[in-house]
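The values are calculated or read from the model by the stated rules, or taken from the named source; none is laboratory data. Given the structure is predicted, the values throughout are model-derived calculations rather than measurements. Quick reminder, even Gly has a Cβ in these numbers, built from the backbone with ideal geometry, and neighbours come from all protein chains shown. Heavy atoms of the whole protein, side chains included, go into the accessibility calculation; ligands, DNA and RNA do not. Shrake-Rupley method; radii C 1.70, N 1.55, O 1.52, S 1.80 Å.
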Amino acid sequence: MTWAIDLGSTSIKGCRFDLETESPQLLQESSHDCALLKPRPGWVEHDLAGMATIFGSLLEKIPAGERVGLASAMHALVLLDHKGEPLCDALSWADTRSEAQAVELRRLDPAAYARTGTPLHSMAWPAKLLWLARERPDWRARLHRVSDLKSYLWEKTTGQLAPMDRSSASGTGLWNLANQSWDEALCQRLGVAPELLPQVSDRHQMDWRGRTLFLGGADGPLGNLGLGAVAEGRVAVSVGTSGAVRRFRSSAVRPVDGLFLYALDRLGWVEGGAISNGGSVFDWLRKEYPLSVDEMLGVADRVEAGADGLLVHPYFLGERAPFWRSDIKAGIGGRREHHDFGHLVRATLEGVAFCLHRLLGLLGSDEEPLRCTGGMFASPVWCQLLADVTGREVAVGLASEATALGAALLTESEPMVRARTLPMGRLWEPDAAIHQRYRGIYQTWIGTDPAIAR
């Protein structure tokens with residue numbers, strides 16, 4: 001059997017797979033909440049001590065003789081002193097304290113995006129490191145090296161220093177696509193010496209107490225692997241706390257403007273875009289009515305497509321692709337006296353689907369069904385809504401934890417070959433009449449977008 005541990009934004013999951021069958025089977029799963037810390041408005045951090053406890057406990061429960069692949073949320077930055085102790089909790093992708101520095105870097109070095117494939121945004125390392133130098137010189141003076149979330153937990157648990165995998169490195173905003181090394185121009189601008197940055201490895205493994213640990217990769221690209229979306233024309237869609245669309249590419253070239261380009265490993269790349277507001281919109285909706293997610297989805301299902309003219313631009317956490325600005329505000333348009341909570345839920349979910357639809361248009365690929373994963377796709381209401389908005393077939397993978405499956409597949413010798421044979425899963429067909437209606441609503445939604453109106 002093969003295990004995977006997926007270090008997500010708000011939970012850590014342990015999964016056991018049987019990879020010996022034609023279609024990999026998820027045999028066991030455990031999920032452990034690890035809430036993000038929000039010490040100040042705009043500050044969002046991973047609880048390193050809490051995550052280390054959960055991670056170590058999960059590893060201990062895996063029997064000796066088993067293989068364990070790792071996956072991790074992207075972009076988190078861990079600041080370490082000379083003893084390897086963190087200066088603070090890990091800065092999450094959702095942390096926006098460095099928005100001013102991101103704006104400054106976009107002005108000073110606009111070519112950095114083309115060199116790294118990652119937009120200069122507060123989620124990525126360059127803005128965070130510039131914030132550190134400007135706002136916390138005491139931390140900067142004590143900084144000995146930086147790490148990513150997964151490598152830090154590996155080191156903390158095993159006592160062995162781990163490199164950074166290529167896919168996680170490619171999402172930092174400091175990795176040069178052409179040279180496949182840390183970007184010298186950005187490092188010089190930030191005053192970051194090479195010895196501060198981790199070594200990068202495609203494949204790294206070690207024996208630990210009878211188990212073989214594989215460093216694995218970043219959650220986004222691994223989602224493509226676990227869904228079989230690793231052939232030209234195949235697109236993966238993930239919607240959990242946030243969301244993303246990603247298309248496989250066999251070479252590292254400049255992405256379409258507004259999108260990113262991240263490595264899977266040396267075997268391939270994924271081009272796409274991330275939205276900041278996926279399932280997290282339910283947190284905002286709960287402020288109106290404290291219902292469960294399932295209850296809210298049920299309420300939305302009783303409202304007709306289009307929410308009777310109510311439009312929501314769900315930028316509650318700012319927005320990443322295609323704008324890459326943390327300062328964008330959410331918008332509600334067309335609200336009338338007769339609109340109730342059901343209309344609001346429906347319009348908010350449609351807004352999330354419209355954000356994904358916009359990114360699919362930038363990718364320009366419509367040959368195959370969308371291969372989908374993430375907690376939102378457990379809902380038939382959401383699956384049908386996305387199919388109707390996009391006009392695409394929505395395939396929900398048989399393995400509910402595609403990112404974890406991708407990490408498990410990376411423990412094998414030819415993961416790409418195996419992944420391309422994975423079945424798509426259950427198909428949701430778009431309703432042609434509803435899709436036609438959504439085409440007009442989408443144009444109105446685009447025309448009233450507060451992010452464009454600025």
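The residues on offer are Ala321, Ala244, and the sole one that is within 16 Å of the chain's Cα centre (by Cα), of a type in the set (A, V, I, L, M, F, W, C), surrounded by 21 or more Cβ atoms within 10 Å (Cβ to Cβ) and assigned to a loop (DSSP other than H, G, I, E, B) is Ala321. Among the residues making up the range 277-308, those that are open to solvent by 50 Å² or more (accessible area, probe 1.4 Å) and part of a helix (DSSP H, G or I) are Asp283, Trp284, Asp294, Glu295, Asp301, Asp308. For the range 247-270, a tally of residues being open to solvent by 20 Å² or more (accessible area, probe 1.4 Å) and either in a loop (DSSP other than H, G, I, E, B) or over 26 Å from Ala112 (Cβ atoms) (or both) returns 9. Considered as a group, the residues in the range 1-25 that are open to solvent by less than 20 Å² (accessible area, probe 1.4 Å) and not in a strand (DSSP E or B) include one that is modelled with the highest pLDDT, and that residue is Leu19. For the range 186-199, the criterion of being under 18 Å from Arg266 (Cα atoms), without any contact (Cβ under 8 Å) to a residue 60 or more places away in the chain and among the polar types (S, T, N, Q) is met by at least one residue. When you look at Glu271, is it in contact (Cβ under 8 Å) with a residue 24 or more places away in the chain, under 21 Å from Glu367 (Cα atoms), out of contact with any Gly (no Cβ under 6 Å at 6 or more places or on another chain) and of a type in the set (Asp, Glu), yes or no? Yes. Looking at the range 365-454, the helices (runs of 4 or more DSSP H) lying wholly inside it that each contain 3 or more residues that are surrounded by 15 or more Cβ atoms within 10 Å (Cβ to Cβ) sit at 380-390, 402-409, 415-419, 432-447.
Filter the range 419-453 for residues that are in contact (Cβ under 8 Å) with a residue 60 or more places away in the chain and among the basic types (Lys, Arg); which is farthest from Ser23 (Cα to Cα)? That would be Arg437. Scanning the range 31-47 for residues that are assigned to a strand (DSSP E or B), open to solvent by 40 Å² or more (accessible area, probe 1.4 Å) and not acidic (Asp, Glu), which turns out modelled with the lowest pLDDT? This residue is Ser31.
Scanning the range 188-204 for residues that are charged (D, E, K, R) and within 21 Å of Thr411 (Cβ to Cβ) yields Asp202, Arg203. Looking at the structure I just gave you, is Gly233 surrounded by fewer than 23 Cβ atoms within 10 Å (Cβ to Cβ) and either over 19 Å from Gly397 (Cβ atoms) or over 20 Å from the mean Cα position of the chain (by Cα) (or both)? Yes: the conditions hold for Gly233.
Within the range 48-63, the set of residues being within 17 Å of Ile12 (Cβ to Cβ) and assigned to a loop (DSSP other than H, G, I, E, B) comprises Ile62 only. Taken together, Gly364, Gly391, Gly333, Gly375 contain a single residue that is under 24 Å from Gly258 (Cβ atoms), under 22 Å from the mean Cα position of the chain (by Cα) and among the small types (Gly, Ala, Ser), which is Gly364. For beta carbons closer than 7 Å, sequence separation of 6+ or different chains, a first residue in the range 23-40 that is of a type in the set (Gly, Ala, Ser) and a second that is open to solvent by 60 Å² or more (accessible area, probe 1.4 Å), the qualifying pairs are Ser23/Leu398.
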